[in-house]
Structures are given as C-alpha cells and as structure tokens.
1. Once both axes come from the Cα atoms, what is the angle between helix 163-202 and the longest principal axis of the chain, in degrees from 0 to 90, rounded to 10?
2. So how do 77, 14, 184 line up by other beta-carbon neighbours within 10 Å, fewest first?
3. Please build a GNM for the chain, connecting alpha carbons under 10 Å apart, and tell me which residue among 64, 99, 125 fluctuates the most.
4. Please identify which residues in region 9-41 have an amide N closer than 14 Å to a label point set 7 Å out from the Cα of residue 67, following the Cα→Cβ vector.
5. Neighbour counts of other C-beta atoms within 10 Å: give me 120, 175 arranged from fewest to most.
6. Compute the FRET efficiency between residue 103 and residue 156 as 1/(1 + (r/R0)^6), taking r as their Cβ-Cβ distance and R0 = 30 Å, and round to the nearest 0.05.
7. Would any residue of region 105-125 have its amide N under 17 Å from a label point 7 Å out along Cα→Cβ of residue 167? List them or say none.
8. Among rounded, prolate and oblate, which fits the chain when a ≥ b ≥ c are the square roots of the eigenvalues of its C-alpha gyration tensor, a/c under 1.5 means rounded, and a/b larger than b/c means prolate?
Ligand SMILES: Cc1cc2nc3c(=O)[nH]c(=O)nc-3n(C[C@H](O)[C@H](O)[C@H](O)COP(=O)(O)O)c2cc1C
C-alpha cells in the first residue's frame, strides 16, 4: 500500500532546488509513497483572531495535511533559520489549539542549499517545532544537502545520477519504512487494547 505523503516546500521560488529535490523524491518512490506537494504561498499570515472564521486557504491547507499519512518538509535555510513562509504554514496547521493537523504524523526533514552546511540551522529549527507538534521525526539519515545547484538536476528537474541521488533514494526508502513502522505499531497497539478490553469484559 502506498502511504499518502504531504510534501511542504519552504520555498516559493519557481526554480527552487528544494522543490526539485522534493520532486525527485516523488518520482523515485512512487511505488509506495503517494506524494503531493501542498502549496503554502497563498496562506494568509497566521492570526489567532481568525480561528473562529478561518480563511479558505487555511482550511484547504489543513484538510490536505490532515488527509496525509506523513509529512515531508523540504526547505531552504534563510538566515540560518526556517523561511517565514514555512513557519507560517506550520503555525496555520498547528491551530486551533488541540486541533493540529500535524499531531502524531510521522515526518522527515530535508534541507538543501548551494552552501556547504546544507541548511543545518533550518533543519534543526523544523525539528524543534516538530517536538511541540508531537510529530515523530525520522532521525536518520539526516539530510543537510550542501552544494546543491541547478546543475544537480536534469532537464526534467530531477536529480542527476550520482551520490546525491543515491542519498535521496536511501532517504526515501527509510522514510517509507519509518511511516510504515509508526502506522503499523499504532494498529497493533489498538488491536491489543481492543483484545484486552474484550478479555476484561468476559472475565
Ligand atoms: C533571504 C535569504 C537568506 C538566505 N540565507 C541562507 C542561509 O542562512 N544559509 C544558506 O545555506 N543559504 C542561504 N540562502 C541561500 C539559499 O540557500 C539559496 O538561495 C537557495 O537556492 C534557496 O533555496 P531554493 O532554491 O529552494 O529557493 C539565503 C537566501 C535568501 C534569499
């Protein structure tokens, strides 16, 4: 069974390298990861006053993420941190309080940059938010993709053959296994609880 993955790209740039990395992940694992890119560029800035009457863009975003089995963040680093547009999307999805669409969803984080440290700062700021969002984040492989440029991709916008593509293939396999493990263990736990409740009722 293919797991539905919501990909949230932290760049609005047309030629974004992070979007191309995300596209590559989709095309490399479309046998068991059913990926959709969730657009965030049209989301009005989060304002708690609007929670009682949310803008339709917020509702659309929340429904799309809510329907996914897992979330993949693919983002650049801006000034050693999370781009504002991505932080806004995280805030929008996390509210109203108690109704976060991110809650319990398995996640993975990829950051790509032409620079040498591969968006490490942004990657870990997303991880920090994921703690409060209660998202089990895949720990390894870590993906701070450095020295990524337009040259890393072919004309269709997917990664060219080479070590970076190999890393991304490995990451996509690991993410599938991570999502599967989380969902399968929850299913087994629910079965165990139901079994225990039945046994108690018949005792
Ligand atoms: C406002 C701004 C801040 C940036 N800050 C960083 C940074 O802290 N670290 C880094 O590696 N690259 C930084 N960059 C360069 C981006 O990594 C580069 O523009 C990258 O291509 C953006 O990702 P994208 O191609 O997915 O849009 C910054 C770019 C912009 C526009």
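Each value in this text was obtained by applying a stated rule to the coordinates, not by laboratory testing. Just so it is clear, the model here is predicted, and its values are computed rather than measured. Positions of Cβ are backbone-derived with ideal geometry, glycine not excepted, and every protein chain shown enters the neighbour counts.
1. 10
2. Ascending Cβ contact count within 10 Å gives the list 14, 184, 77.
3. Its mean-square fluctuation being the largest, the pick is 99.
4. Answer for this model: 34-39.
5. So the residues, fewest neighbours to most, are 120, 175.
6. 0.25
7. Once the point is set 7 Å along Cα→Cβ of residue 167, 108-124 turn out to lie under 17 Å by backbone N, inside region 105-125.
8. Oblate, because a/c is 1.5 or more while a/b does not exceed b/c.
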